[in-house]
Amino acid sequence: MSLPDDINIDCQYQRQAVGGLVCRASDTDWFKDSTNEPDGQICHDCEIGKVFRELRCENISGKIVIAGIRTIGAYRKQVIETNLFCNLRKRSTSYNFCLSCPYIGTTFTKPILKKAIDFFEKLGFESARNYLEKAQERLNNDDEENAITNAISALESVFKTILDYHKTPYPPKEQVTTLWKTVKDTLHLGDEVAAEHIKQLIGNISGAVTSLGGLRNDLSDAHGKGILTTEVYDSYAELAVNLSATISLFVIRRYQENELMKGK
């Protein structure tokens, strides 16, 4: 049974060749029928690819052995061995361990970032996707300051892209707070619903955006540092990354709903 076209089988070890894919993690010296040409199902099921796609971890390497099995009237490929190696921990690992790896962030953060990154990619928010991927990578590598910087840059990028789609000029000062106010006014956030608690919620988001901008000033390395520095805890960096992703998803969804209403 063939895989649906919309299923992601990307992997950092894939290389496109004439007539198909080549796996750079394949060991073709294992025995004479080994191959480095996987099919879509093998790429989809491969644990190395799953860690890359699902957990967005690029610190995984490994080896895979793909065998070409010949039977009467048929030829098929199957994986007979997969070894994963963690470049951060410098030891062998497994997909199940990677699911709970402390270096990739908490179990709550992983799905938030995966959804946001996939959403950005699908809708063409390329700059925001790049920034959020960098934020996740920095978070995984205990670089909290740069994680904060990139998370807020991702949020600013989402705001700018929305304004570009609306052909709305950027504010004179292109800061996260002023960009948010312009996007809020452009999308009429909080004005389209009569419920008072919705307006209150939008006001709380405004406060969160302002706090994120202040957090970048206080904790990140965006503006340099003096002798006295503030310690950056991983939990605060993770909060900044999660907030950026969540607010971005909300704004993009409201933009989509507005466009859908225009078409009715």
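The values are calculated or read from the model by the stated rules, or taken from the named source; none is laboratory data. Predicted, not measured: the structure shown is a model, and the values here were computed from it. As a convention, Cβ positions derive from the backbone with ideal geometry for all residues, glycine included, and neighbour counts pool all protein chains shown.
Which condition number does Leu99 fail, the rest of (1) modelled with pLDDT of 85 or more; (2) loosely packed, with under 15 Cβ neighbours inside 10 Å; (3) of a type in the set (A, V, I, L, M, F, W, C) being met?
The one condition Leu99 does not meet is (1).
For segment 65-75, state whether one or more residues are at positive phi and not hydroxyl-bearing (Ser, Thr, Tyr).
Let us first name the residues in segment 65-75 that are at positive phi, namely 73.
With not hydroxyl-bearing (Ser, Thr, Tyr) added as a condition, the list becomes 73.
For segment 65-75, residues at positive phi and not hydroxyl-bearing (Ser, Thr, Tyr): present.
Could you list, in sequence order, all residues of segment 167-208 that are touching a Ser or Thr at 6+ places or on another chain (Cβ under 6 Å) and either in contact (Cβ under 8 Å) with a residue 60 or more places away in the chain or part of a helix (DSSP H, G or I) (or both)? Let's see the steps before the verdict.
First pass over segment 167-208, keeping only residues touching a Ser or Thr at 6+ places or on another chain (Cβ under 6 Å): 168, 171, 177, 186.
Across segment 167-208, the qualifying residues are Thr177, Thr186.
Does Ala67 fit the bill of being in contact with a helix residue (DSSP H, G or I) (Cβ under 6 Å, 6 or more places away or on another chain) and either small (Gly, Ala, Ser) or surrounded by fewer than 16 Cβ atoms within 10 Å (Cβ to Cβ) (or both)?
No: the conditions fail for Ala67.
Quick check on this structure: which one of Tyr170, Tyr131 is of a type in the set (Phe, Trp, Tyr), surrounded by fewer than 19 Cβ atoms within 10 Å (Cβ to Cβ) and assigned by TED's automatic domain parsing to the domain that holds Ser248? Lay out the reasoning, then the answer.
Values: Tyr131 fails: surrounded by fewer than 19 Cβ atoms within 10 Å (Cβ to Cβ).
Only one candidate passes the filter, namely Tyr170.
Taking segment 134-164 only, how many residues are surrounded by 15 or more Cβ atoms within 10 Å (Cβ to Cβ) and either of a type in the set (Ser, Thr, Tyr) or not in a helix (DSSP H, G or I) (or both)? I'd like the intermediate steps shown before the answer.
Filtering segment 134-164 for residues surrounded by 15 or more Cβ atoms within 10 Å (Cβ to Cβ) gives 134-140, 143-163.
If we keep only those that are either of a type in the set (Ser, Thr, Tyr) or not in a helix (DSSP H, G or I) (or both) as well, we get 143, 149, 153, 157, 161.
Going through segment 134-164 one residue at a time, the tally reaches 5.
Given segment 1-95, what strands (runs of 3 or more DSSP E) lie entirely inside it while holding 3 or more residues that are under 26 Å from Ala135 (Cα atoms)? Reasoning before the result, please.
Working: elements: 14-17, 20-23, 60-71, 74-86, 91-93.
Output list reads 60-71, 74-86, 91-93.
Here is a list: Cys23, Cys98, Cys86, Cys57. Which entry is out of contact with any Asp or Glu (no Cβ under 7 Å at 6 or more places or on another chain), touching a residue at least 60 places away in the same chain (Cβ under 8 Å) and among the hydrophobic types (A, V, I, L, M, F, W, C)?
On inspection, the qualifying residue turns out to be Cys57.
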